[in-house]
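Take a look at the structure below.
The values are calculated or read from the model by the stated rules, or taken from the named source; none is laboratory data. Remember, predicted model here, so these are calculated numbers, not experimental data. When we count neighbours, we look across all protein chains shown, and the Cβ atoms used for this are built from the backbone with ideal geometry, even at glycine. All accessible areas refer to the heavy atoms of the entire protein, side chains included, with ligands and DNA or RNA removed. Shrake-Rupley method; radii C 1.70, N 1.55, O 1.52, S 1.80 Å.
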Amino acid sequence: MIDRLTIERIKERADIVDVVSDFVSLKKVGVNYRGLCPFHNDHTPSFYVSPSRRTCHCFVCGEGGDSVGFIMRHEQLTYPDALRWLARRYNIEIQEKELTEEQKKEQSDRESMFIVNEWAAKYFKDILHNDIDGRAIGMQYFRQRGVRDDIIEKFRLGFCLNDRHAMSDEALRQGYSREFLIKTGLCYPDEKKKDEIHDRFAGRVIFPWIGVSGKVVAFGGRVLDSRTKGVSQKYVNSPDSEIYHKDHELYGIFQAKKAIAKEDLVYMVEGYTDVISMHQCGIENVVANSGTALSEHQIRLLHRFTQNIVLLYDGDEAGIKAALRGTDMLLREGMNVKVMLLPDGDDPDSFARKHSAEQLRQYVKEHQTDFIEFKTRVLLQNAKDPREKSEAVNSIIHSISVIGDPIVRATYIQDCSLRLGYNEQTLNAKLNEEIRNYRDEQRKAERRSFNDNLNPNPNSEVEGNLSPQNTPPSTPIKENTLSSLIIKEVIRHGSMTLYDNVETEDGTTMSLTLAQYVALNLQEDNLQFAEPLYNQILSEAVEHSAEEGFESERYFTLHPDYEVSSVAIRLCSDNVILSKSLQVETTQYDLQERINHLLFDFRNEYIMMRIKQLTTEIAQSADDPERQLALMEQLKTAQEMRRDIAQRIGSSIASKRM
């Protein structure tokens, strides 16, 4: 367990802008920061970060929270693990009791796999630097390619001994589970001897895949020496697992994310050594998809940091195909796409080793082409008859049709008309047809997705929305109800004095905070909220009201209970961010008017529900005159209360008009 004081220290130290910036490119807008939401397919920045409140919030999908909540959601961690993640980042020591064997078994498979991968990365690195074969074979390979020591360290490069049991035997000897060695893909079972496992990367140099958060998610291994000739699998990668999906990850993203945000540009290359060589020559805003087709997940990951991408591929046929393959998807996701093919015989690795960073940047700047120019040149150069030319033009128009911005589409159509010699009206007709077809496909896909994702469990607390793995289930609270509006005022202004010099029964006077006033008001009629969490928040606000320096909003948004802090953050997130000059200060009179109106409405809603319930019960108790009489007395009382509330509301409205 992590004690409350440590939790508060972690939350105080964890700067929300600093934390979110590790995953999202933020730009300052007034006193806040804004960027693309990492939790949904965001094309226009809708994710706001408030340094003053220490919270973040997306105004489209509603996700957000404090620094702990953000890490929980983004990294799919439990509340304690998110606290540990932040504690490590800010060098905060957590005193915890050593886990028992039983507790170790209860740890999630996901966390256990990360632990095994982290151990393996250190093991491979140690072999590369300290084992005689590691230095003679693995290090020699990197030396031949001119890789410096600082780059080897930066990318955590390693080596796996040729013995197919060396790594697994050492892992088992140190107490790591055979189950997780297989689940991570580090090992695989023997086809004949099922109780025996083999090292997947035996005899290969190792390229760890480090996710955007800094955790080792997978490995790539390259076979060495003469065995590379004629080998069908020169590179072997970890198989998909619970912590690694190859279409979700990009090699080098952890090392590149800050440079990508700073340069507002990313270079996309194909392989490990391409990334490493470009880093070595001084260009760090580069990632690789390692030979797989670009996926929406990978593009959205990049889009958090920039919308500008240069596809930097070999100039051979394979490089051209790779560039064409990813273009439409990048455009559909709102990326600005440039393409640059290197001279024949060069790949980014070899080209970077021959040039300085400045020379490489200058070459790219001078030779990169817009995707339309690139696609036009590539597709039309081999078009020998009208049919082939028509197919090429249709392909170009299709690419333009997936662009979301209509002005950008119109500009490209004009450009195509000039380049291709086609009438602009003809091209627009084809463009509109493509757009209609695409939208029809989208609607069909949305219907399929809706049907596939209907909640199969009718007893689920959260309709149609399953909680992320390892994340505590959200409290099912409708946050547009009167009770939530009252609690919102308690969280935001609960510590503010609402009434001065209120006379008590013993003749003395006192001041009432908003939280105390709400609690007393509800106690008069023995009312409370239906949501236990709201009652807890009100109770704590009253308890701390008398404390000097108590700020209710800060207290609840930084609350050590995740459910309390997450509800507080959601309720206090404004739908519209106003500049400081447009913000109106809330006065004591404003609060009195607002909270009394809400409490009147809350009572009225409760009484109306009670009247409806009593009316139904009276009709159902026709065979029990005694019970029916008692219910009718209760109904009479409820109706009197209803008239009293209506009269008080009417008086309040009349006084406003005078």
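Points worth noting:
Condition check ((1) under 22 Å from His248 (Cβ atoms); (2) among the small types (Gly, Ala, Ser); (3) touching a residue at least 24 places away in the same chain (Cβ under 8 Å)) across all residues:
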residue: Arg53; (1), (2), (3): no, no, yes
residue: Phe59; (1), (2), (3): no, no, yes
residue: Gly65; (1), (2), (3): no, yes, yes
residue: Ile71; (1), (2), (3): yes, no, yes
residue: Pro80; (1), (2), (3): no, no, yes
residue: Leu83; (1), (2), (3): no, no, yes
residue: Arg89; (1), (2), (3): no, no, yes
residue: Ile92; (1), (2), (3): no, no, yes
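- Taken as a whole, the condition of being out of contact with any strand residue (DSSP E or B) (no Cβ under 7 Å at 6 or more places or on another chain), assigned to a helix (DSSP H, G or I) and closer than 14 Å to Tyr267 by Cβ applies to Asp349.
- Qualifying residue in the range 381-402 (condition: under 24 Å from Tyr267 (Cβ atoms), open to solvent by 50 Å² or more (accessible area, probe 1.4 Å) and within 38 Å of the chain's Cα centre (by Cα)): no
Every residue, every condition in (1) farther than 17 Å from Leu360 by Cα; (2) surrounded by fewer than 24 Cβ atoms within 10 Å (Cβ to Cβ); (3) acidic (Asp, Glu); (4) under 24 Å from the mean Cα position of the chain (by Cα), yes or no:
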residue: Lys257; (1), (2), (3), (4): yes, no, no, yes
residue: Ala261; (1), (2), (3), (4): yes, yes, no, yes
residue: Gly271; (1), (2), (3), (4): yes, yes, no, no
residue: Ile276; (1), (2), (3), (4): no, no, no, no
residue: Asn289; (1), (2), (3), (4): yes, yes, no, yes
residue: Thr292; (1), (2), (3), (4): yes, yes, no, yes
residue: Glu296; (1), (2), (3), (4): yes, yes, yes, yes
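- Leu631 meets each of the listed conditions (1) outside any helix (DSSP H, G or I); (2) modelled with pLDDT of 85 or more apart from (1).
- Inside the range 236-262, residues that are touching a helix residue (DSSP H, G or I) at 6+ places or on another chain (Cβ under 7 Å) and modelled with pLDDT under 90 make up a count of 4.
- Test: residue in the range 354-375 that is touching a helix residue (DSSP H, G or I) at 6+ places or on another chain (Cβ under 8 Å), open to solvent by 80 Å² or more (accessible area, probe 1.4 Å) and either touching a residue at least 60 places away in the same chain (Cβ under 8 Å) or under 30 Å from Asn432 (Cα atoms) (or both): no
- Residue tally, condition over 18 Å from Asn501 (Cα atoms), open to solvent by 30 Å² or more (accessible area, probe 1.4 Å) and part of a loop (DSSP other than H, G, I, E, B), over the range 513-548: 7
- Conditions (1) surrounded by fewer than 14 Cβ atoms within 10 Å (Cβ to Cβ); (2) among the polar types (S, T, N, Q); (3) over 47 Å from the mean Cα position of the chain (by Cα); (4) at pLDDT 65 or above: number failed by Thr586: (3)
- Note on the range 16-42: residues that are farther than 15 Å from Lys258 by Cα, open to solvent by 50 Å² or more (accessible area, probe 1.4 Å) and over 15 Å from the mean Cα position of the chain (by Cα) amount to 5.
- Any pair with Cβ under 8 angstrom, 6 or more apart, that starts in the range 258-273 at a residue that is of a type in the set (D, E, K, R) and ends at one that is at pLDDT below 90 and in a helix (DSSP H, G or I): Glu270/Gly319; Glu270/Ala322; Glu270/Pro348
- Whichever residue in the range 187-202 is buried (at least 19 other Cβ atoms within 10 Å of the Cβ) and of a type outside the set (A, V, I, L, M, F, W, C) and, among such residues, is nearest to Met167 (Cα to Cα): Asp199
- The helices (runs of 4 or more DSSP H) located wholly in the range 109-198 that include 3 or more residues which are among the basic types (Lys, Arg) occupy 109-130.
- When Ala318 is tested against (1) among the hydrophobic types (A, V, I, L, M, F, W, C); (2) within 19 Å of Phe142 (Cβ to Cβ); (3) free of Cβ contacts under 8 Å to residues at least 12 places away in the same chain, only condition (2) is not met.
- The range 549-575, residues that are in a loop (DSSP other than H, G, I, E, B) and either modelled with pLDDT of 80 or more or within 18 Å of Glu8 (Cβ to Cβ) (or both): Gly549, Phe550, Glu551, Leu558, His559, Pro560, Asp561
- Long-range neighbours under 9 Å by Cβ, at least six apart or interchain, first residue modelled with pLDDT of 85 or more and in a helix (DSSP H, G or I) within the range 594-615, second among the acidic types (Asp, Glu) and buried (at least 17 other Cβ atoms within 10 Å of the Cβ): Arg594/Glu489; Ile595/Glu489; Leu598/Glu489
- Looking at the range 229-296, the strands (runs of 3 or more DSSP E) lying wholly inside it that each contain 3 or more residues that are under 19 Å from Lys215 (Cα atoms) sit at 286-288.
- Any chance Pro208 is surrounded by 15 or more Cβ atoms within 10 Å (Cβ to Cβ) and not basic (Lys, Arg): yes
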